[in-house]
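The values are calculated or read from the model by the stated rules, or taken from the named source; none is laboratory data. Since we're looking at a predicted model, the values are computed, not measured. Neighbour counts run over all protein chains shown; Cβ positions are idealised from the backbone, glycine included. Ligands, DNA and RNA are excluded from the accessible area calculation, which covers all protein heavy atoms including side chains. Shrake-Rupley method; radii C 1.70, N 1.55, O 1.52, S 1.80 Å.
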Amino acid sequence: MEDLRQIMDDPADNAVQSIFEKEDMGYLSGLLKNMAENDDVVSVELPESMQKFADNIHKFKFSEKDIQYFDQTHKIWEKHGMKFIFILFFRALPYTYRAEKPANVLRMTKLLITHAERRIFETAQFVFDVMDEKWWEPKKKGILTATKVRIMHAAMRHVILDNNKSDEQWNSVWGKPISQEDLIATNQVFSLEFFKGLEILGEGLKPKEQEAWFHTWKTIGKIMGVQDNLISKNVKEAWSLQHVIYDHLFRDESHS
């Protein structure tokens with residue numbers, strides 16, 4: 001697991017790096033703000049390398065089986081969507097925020113201190129966009145929103161690692177910010193902890209429903225930069241990986 005803390009998201013990181021080679025932080029901040037406010041397309045002001053990066057994601061191909069799973073997931077969302085939001089914000093995410101190494105990103109960027117409302121809103125908007133009916137189609141926001149979040153993650157990595165003006169520097173003991181371990185663990189939370197939460201509420205999903213939901217979210221994980229070798233085949237395998245990650249993050253010697 002420690003090796004995964006050293007791996008980030010090269011395609012997205014390289015695209016963001018191309019911006020810094022020509023422009024300053026103010027330019028990137030403006031682009032990110034524009035992306036957050038634009039519901040139609042990734043900003044036309046983005047450099048060519050960033051445009052190619054975004055275009056490649058939008059060329060992602062889905063099989064008929066994928067779409068069957070997506071449609072089934074949307075039906076589950078229609079029935080349990082509000083419970084999912086409740087479980088996500090009041091159980092799943094607060095639990096994962098207790099993992100000190102990845103949580104240092106939130107602490108250092110002050111996202112849960114000075115921008116808590118925005119952080120919650122953006123996460124909720126992301127969920128609604130990727131759970132929308134036919135979210136994967138070009139006219140919908142699903143892939144676009146996932147792409148924006150991936151680019152913002154890369155921008156945050158760059159800011160944290162290259163920030164020489166702050167009193168506090170990123171500690172190499174924490175691995176890399178928003179690493180592959182963080183990405184896969186967070187992605188799986190949107191499935192696994194949801195299933196557990198529904199069981200606690202006495203409304204657990206059937207195995208086939210869990211399979212469809214998990215497949216949809218692991219596909220979203222791929223779009224958002226999770227490496228293929230970390231994508232679990234099924235829910236049982238995902239839980240095994242998740243417990244290994246939890247053990248690594250919560251039982252680490254540096255965890256207070």
**Complete:** When TRP135 is run through (1) modelled with pLDDT of 95 or more; (2) more than 18 Å from the chain's Cα centre (by Cα); (3) surrounded by 13 or more Cβ atoms within 10 Å (Cβ to Cβ), the failure sits at (2)
**Asked** If you check every pair at least six apart or on different chains, which have Cβ atoms under 6 Å apart with a residue in region 91-106 that is within 10 Å of GLU193 (Cβ to Cβ) first and a residue that is assigned to a helix (DSSP H, G or I) and among the small types (Gly, Ala, Ser) second?
**Response** ARG91/GLY197
**Message:** Can you tell me which residue is modelled with the lowest pLDDT among those in region 87-111 that are open to solvent by 70 Å² or more (accessible area, probe 1.4 Å) and within 19 Å of ALA155 (Cβ to Cβ)?
**Reply:** LYS110
**Prompt:** Just one of LYS233, LYS208, LYS176 is charged (D, E, K, R), assigned to a helix (DSSP H, G or I), open to solvent by 60 Å² or more (accessible area, probe 1.4 Å) and at pLDDT 95 or above; which is it?
**Reply:** LYS208
**Request:** Determine, yes or no, whether PHE128 is open to solvent by 20 Å² or more (accessible area, probe 1.4 Å) and modelled with pLDDT under 90.
**Result:** no
**Prompt:** Since LYS141 meets every condition but one in (1) of a type in the set (Lys, Arg); (2) modelled with pLDDT of 95 or more; (3) open to solvent by 70 Å² or more (accessible area, probe 1.4 Å), which condition does it not meet?
**Reply:** (2)
